[in-house]
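To start, the structure itself, in structure tokens.
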Ligand code: KIV
């Protein structure tokens, strides 16, 4: 029996046969929920920088922080394909450092592969990591780690020059050995064309319905992150409001002495209390 339900290469086999579903997770419970609902893979995304650590963007998260999230997710979703997202500056400095850090996702984070943001410029790094035996998922289109260079997080690929750059990047990453590519925030027609041109699965987020699969951030799906609500997100519940209402009810119950009641309490016989009174009163 394989150690996990799907290997990166089995994910490739799903292209053209069934839609692939990915979700991010960062802790034991979100990972457990993801596994119970049968997602094809979990990404321990650097979006943890925002949704778990409260930073305004993905730049600050460190290797140590993301590895902690990976370890928790591995315990919660032992049987699911798990991909670790390489943080800003963990793969850009040198190929050696990139291989080393990618290796930590496998060795310590118990992941089955890593994701790297970037197009043509990261191809040599991707090749080096793949040569080291570590599966790599690409990520092009809007790449938050390059938001300063690409001018923010706005949809990309609406003009020929950028559309061509995104397509060239997809082709080059496929050649470099990535097993799948995330297409973030690009026009549907472009993601459809890229999906047609590559043999590996495309995983869309804000890239329309024609990609081989979709990924969303856990906190967005359950409506737990009120700070930003991009157009491409679908929240199935308003988790933030539900959780706040539950917490408010708890606070109210304690203040008004409605909690705990007998149902939530342990009891001991009155004789024991009497005995204690004799000793201490
Ligand atoms: O970090 C993340 O959550 C991601 C997804 C948006 C693909 O990279």
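The values are calculated or read from the model by the stated rules, or taken from the named source; none is laboratory data. Here the structure is a predicted model, which is why all the values come from computation and not from measurement. Positions of Cβ are generated from backbone atoms using ideal geometry, with glycine treated the same way; all protein chains shown enter the neighbour counts.
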Practice task
Could you tell me whether segment 185-199 includes any residue that is crowded, with 18+ Cβ neighbours inside 10 Å, assigned to a strand (DSSP E or B) and either in the same structural domain as residue 123 (by TED's automatic domain parsing) or at negative phi (or both)?
Solution key: no
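Answer yes or no as to whether residue 121 is part of a helix (DSSP H, G or I) and under 21 Å from residue 190 (Cα atoms).
Working: part of a helix (DSSP H, G or I): yes; under 21 Å from residue 190 (Cα atoms): yes.
Answer is yes for this residue.
Given the residues 69, 105, which is the only one that is within 12 Å of the ligand (Cβ to nearest atom) and either assigned by TED's automatic domain parsing to the domain that holds residue 214 or buried (at least 24 other Cβ atoms within 10 Å of the Cβ) (or both)?
69
Can you name every residue in segment 132-163 that is touching a residue at least 12 places away in the same chain (Cβ under 8 Å) and part of a helix (DSSP H, G or I)? Spell out the reasoning first.
Taking segment 132-163 as the starting set, the residues that turn out to be touching a residue at least 12 places away in the same chain (Cβ under 8 Å) are 132, 134-147, 153-158, 163.
Once the filter is applied, which keeps residues that are touching a residue at least 12 places away in the same chain (Cβ under 8 Å) and part of a helix (DSSP H, G or I), segment 132-163 yields 144, 145, 146, 147, 163.
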Practice task
Would you mind telling me which numbered condition in (1) away from the ligand (no atom under 14 Å from the Cβ); (2) in contact (Cβ under 8 Å) with a residue 12 or more places away in the chain residue 18 fails?
Solution key: (2)
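In the same structural domain as residue 50 (by TED's automatic domain parsing) and more than 30 Å from residue 125 (Cα to Cα): is that true of residue 261 in this structure?
Values: in the same structural domain as residue 50 (by TED's automatic domain parsing): no; more than 30 Å from residue 125 (Cα to Cα): yes.
Against the criterion (in the same structural domain as residue 50 (by TED's automatic domain parsing) and more than 30 Å from residue 125 (Cα to Cα)), residue 261 does not qualify.
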Practice task
For segment 34-54, indicate whether the set of residues that are within 10 Å of the ligand (Cβ to nearest atom), assigned by TED's automatic domain parsing to the domain that holds residue 117, surrounded by 23 or more Cβ atoms within 10 Å (Cβ to Cβ) and without any contact (Cβ under 8 Å) to a residue 40 or more places away in the chain is non-empty.
Solution key: yes
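Residues in segment 234-241: is at least one touching a residue at least 24 places away in the same chain (Cβ under 8 Å), exposed (fewer than 11 other Cβ atoms within 10 Å of the Cβ) and under 23 Å from residue 56 (Cα atoms)?
no
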Practice task
Give the residues of segment 107-118 that are under 20 Å from residue 144 (Cβ atoms) and either without any contact (Cβ under 8 Å) to a residue 12 or more places away in the chain or in a helix (DSSP H, G or I) (or both), sorted by residue number.
Solution key: none
Practice task
Consider residue 151 carefully, then state whether it is on the phi > 0 side of the Ramachandran plot and either surrounded by fewer than 21 Cβ atoms within 10 Å (Cβ to Cβ) or more than 17 Å from the chain's Cα centre (by Cα) (or both).
Solution key: yes
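Taking residue 59 as the residue in question, decide whether it is more than 13 Å from the chain's Cα centre (by Cα), at pLDDT 95 or above and within 13 Å of the ligand (Cβ to nearest atom). First the steps, then the outcome.
Working: more than 13 Å from the chain's Cα centre (by Cα): yes; at pLDDT 95 or above: yes; within 13 Å of the ligand (Cβ to nearest atom): yes.
Answer is yes for this residue.
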